[in-house]
Amino acid sequence: MATSTESVDLVDGTTVRNLARAALFAALVAGFSYVSFPNPLAPSIPVTLQVLGVYLAGIMLGPLWGTASIGLYLAAGAVGIPVFAGGSAGLGVLLGSPTLGYLWSYPVGAGVVGLVVHRGTDLQDYTTVGVPLLVGAMVAGTVVIYAMGTVGFAVIQNVGLVEAFSLSAVAFVPFEAVKIAAVVGILRRDAIAAVE
Amino acid sequence: MLRYQPGDSLAHRLDPRTKLCFQLAFAAVAFAYTSPRGLLAVGTLGLLALAAADTNPLRVVWSYRFVMPFLLAAPAVAMLTLGPPWLVPAAAVDPALASVRNLLVIAVGGGYIRTTSVTDSRAAIQRTVPGRPGQFLGLGIELVARFLPVLRRDLLAMRDAEAARLGTDRPLGERMSTLAAVGLNRAFRRADRLSAAMQARCLSWNPTLPPLGFGWVDYPIVGLSLLLFGAAAAQVVGLAPSF
Amino acid sequence: MIRTHEVVCQYDETIAVDGVSLNIENGEYVAIVGPNGSGKTTLVRTFNGLVTPDNGRILVDGTPVEDDLVAARQAVGMVFQEPRDAFVAATIGADVAFGPHNLGLSHAEVDRRVEAALEAVALAGRDNERIDRLSGGERERVAIAGALAMEPAHLVLDEPLTGLDEPARRSVLSRLASLHAAGTSVIVVTHDLRGVIDAADRVIGMVDGRIAVDTDAATAREELAALDVYVPPETARPGQTASTPDS
């Protein structure tokens, strides 16, 4: 029996598709935190793919859905889904972790990367975007992430910016170049099915 | 790791919105009173909260061990100065207090995780955030919980297969991009199947919301949270006695 | 009743469905067969508006699909190939409740529908079990229950038997048979007719986006020989179809 069809506010097809992709992307970024690579320079500090996921969200989902997706990642972590470093979770991490600036910077970073690559909020075909613009977008995203991360660390730990940067960023910054190169490598493969 | 476990502790019986409110109030008061005596009081409250959640504080600290290096290193590095006397122990006091406070704020979140199911969290979000953003967050959280184990399995299996087939001596960037590309493809393919299935089942912006019970146990905790917010605000505007 | 008239669906340069006109009556049991890429999945996805045709019309119970998508999606329940990715929730009960929740039904009505749907697929009382711990056949039945909770008049299943072992195939087929007996039209899209050909009233064979065969099950065997479809030997009866293609 059909029930009250006019009261059902159906989500339109394109939005359902974007919503599903944003949710799966958030889950993928969380999954990335479980896959670490040994750091060739400092074996005790493994390198994970999370920031790579942030760049890719901006590029592949665009500034709006990319930001929404990474925001969803934070919300999922806040209510206890094990998406943060080391399978941790909790609102406390977003309120009191020394790394909170980095976490809060991820949706912003995805938005910045998306805005630059798509030159606005209307989606462009990112496969036609040149390497310089892609790299520039990700460098801008990286600057946002490390700036917010460092300031967050300094404020929440009550230390100076230099100390915050040397404690939370120095060991990781060199690998951002590797990640940016990896993203360019991914987008150059023709295997990616996400092309619209 | 800390996970939801059904139970009948006080925190289990609370409405998830009450628990979220308490966590915010707890963080506010911890930030407002980051002094030795203040943190003693805040810490006692935090231990009480974890006890009400039937949660072992040591297990909580262990599950958040990833923050420990940062919490320990910050005061240590703050002591260093360039030039004599090289080491200023007094400079470590404030960062050390901050570390204690941060650990408390993080740990109280562990009580929420232990006592709140994803379904209840989803209900709390959709009943707090109105309209489409609420439905996006609520459904999205349920989908992240549903697909994270699946995608994690995909990624770990691929990494192991890669390592077995090609070895681990290829450049880091190449290994990252191979893994991420395959992971993305699978995730997008799954998303497209999920999208068709959700459409077929009439995904709507105005679904029936999951039930939530705001009961008599919630009122005292909401009252306590308001008091904590008040105490934090009093400190900020300079009305509180020095603590 | 589902009625299509001259339906054409195109993806870029490829024509997936090429002018299909078809009537499926209430209560029919129809098998739609054809090789990969013959357009059968695309065709059934027009029945509930998941695919909008480039040409032609689809009426569900007399109403054009695009005029009332909510009604079409309630009337035509759909079970997808690889249901593993089609579940929205981790547990059986929560997933089956997804459709009724979207319709804005009361909690009591949602509970009633979930219970009835699980009953219909022989999973009653197992609401709290995790879907990822189920066998393939049980998963398929959960997916069917998810569609049934919309209380559809027509149930479309895309390759419901792929990858299932013989006991699981048999249990899914027997669930479909009882739904059919209760008056639901059952439309099975498949490339493998084992079990299905004995249950179906009617077999539609598709090739290159067109209907090549549309006949009752009795005469289907010879007509289907021309298509790239596995047709089991005539001696097979339901419950006795354990033989594999090469045995």
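Only the coordinates and a few stated rules stand behind these numbers; no lab work does. All figures in this text were calculated on a predicted structure; none of them were measured in a lab. Methodologically, a virtual Cβ is constructed for each residue, glycine included, from the backbone with ideal geometry; neighbour enumeration extends over all protein chains shown.
Taking A:96, A:109, A:86 as the candidate residues, the one with maximal mean-square fluctuation in a Gaussian network model of chain A, Cα springs under 10 Å, is A:86.
When the alpha carbon coordinates of segment A:96-184 are projected onto the principal axes, the ranges are 45, 25, 16 Å, largest first.
Only Cα pairs under 8 Å and 6+ residues apart enter the sum, and on that basis the relative contact order of chain B stands at 34 percent. Kirkwood analysis of segment C:24-73, using all unique Cα-Cα pairs, places the hydrodynamic radius at 11.9 Å. Spacing of the modelled spin labels on residue C:215 and residue B:174, each 7 Å from Cα toward Cβ, amounts to 5.7 nm.
Could you give the alpha-carbon Rg of segment C:135-219 over 2.2 N^0.38 Å, rounded to two decimals?
Working: Rg = 13.1 Å, N = 85, 2.2 N^0.38 = 11.9 Å.
For segment C:135-219, the normalised Cα radius of gyration is 1.10.
Relative to its Kirkwood radius, the Cα radius of gyration of chain C gives an Rg/Rh of 0.96. Based on the Kirkwood approach, the hydrodynamic radius assigned to segment B:9-64 is 12.1 Å, with every pair of different Cα atoms included.
Stretch residue C:115-residue C:59 to full length: gain in nm at 0.36 nm per residue minus the Cα-Cα span? Intermediate results must be reported in sequence, preceding the final value.
Numbers: separation 56, 0.36 × 56 = 20.16 nm, distance 3.05 nm.
Result for the pair: 17.1 nm of gain on full extension.
Temperature 20 °C, viscosity 1.002 mPa s: under these conditions the Stokes-Einstein estimate for segment B:45-140, based on its Kirkwood radius over C-alpha pairs, is 133 µm² per second. One Cα centroid belongs to segment B:47-63, the other to segment C:172-217; the line between them spans 58 Å. Counting Cα-Cα pairs of the protein assembly as shown in 20 Å increments starting at 0 gives whole-percent bin shares of 17, 44, 30, 8, 1. Mean-square fluctuation check for chain B, GNM, Cα pairs under 10 Å: which of B:181, B:27, B:53 is largest? Residue with maximal mean-square fluctuation among B:181, B:27, B:53: B:181.
Percent of C-alpha pairs per 5 Å bin in segment C:1-147, short distances first: 2, 9, 17, 18, 17, 15, 12, 7, 3, 0. Rg/Rh for segment B:20-94 (Cα atoms only, Rh after Kirkwood) is 1.08. Across all C-alpha atoms in chain B, the radius of gyration and Dmax reach 23.0, 72 Å. Taking other C-beta atoms within 10 Å as the exposure proxy, A:118, C:5 rank C:5, A:118 from fewest upward. About the centre of its Cα atoms, chain C shows a dipole size close to 560 debye [charges on the beta carbon of Lys, Arg (+1) and Asp, Glu (-1) only; nearest 20 debye].
Which whole-angstrom value gives the distance between the alpha carbon centres of segment C:58-116 and segment A:117-164? Using only Cα atoms, the two centres lie 42 Å from each other. Cα-based values for segment C:30-110, radius of gyration first and Dmax second, are 15.0, 44 Å. Dividing the mean sequence gap of close Cα pairs (under 8 Å, 6+ apart) by how many residues chain C holds gives a relative contact order of 26 percent. Mean separation of Cα pairs under 8 Å and 6+ residues apart, divided by the residue count of segment B:31-119: what relative contact order is that in percent? For segment B:31-119, the relative contact order is 40 percent.
For chain C, set up a Gaussian network in which alpha carbons nearer than 10 Å are linked by springs, and say which option among C:159, C:222, C:13 fluctuates the most. Comparing C:159, C:222, C:13 in the GNM, the peak value goes to C:13. Estimated from helices alone, the mean residue ellipticity of the protein assembly as shown at 222 nm is -17500 deg cm²/dmol (sum of -39500 (n - 2.57) over DSSP H runs with n ≥ 4, per residue).
Comparing Cα centroids, segment B:143-175 and segment C:123-170 end up 30 angstrom apart. Where the alpha-carbon atoms of chain A are placed on the principal axes, they occupy 64, 40, 28 Å, in descending order.
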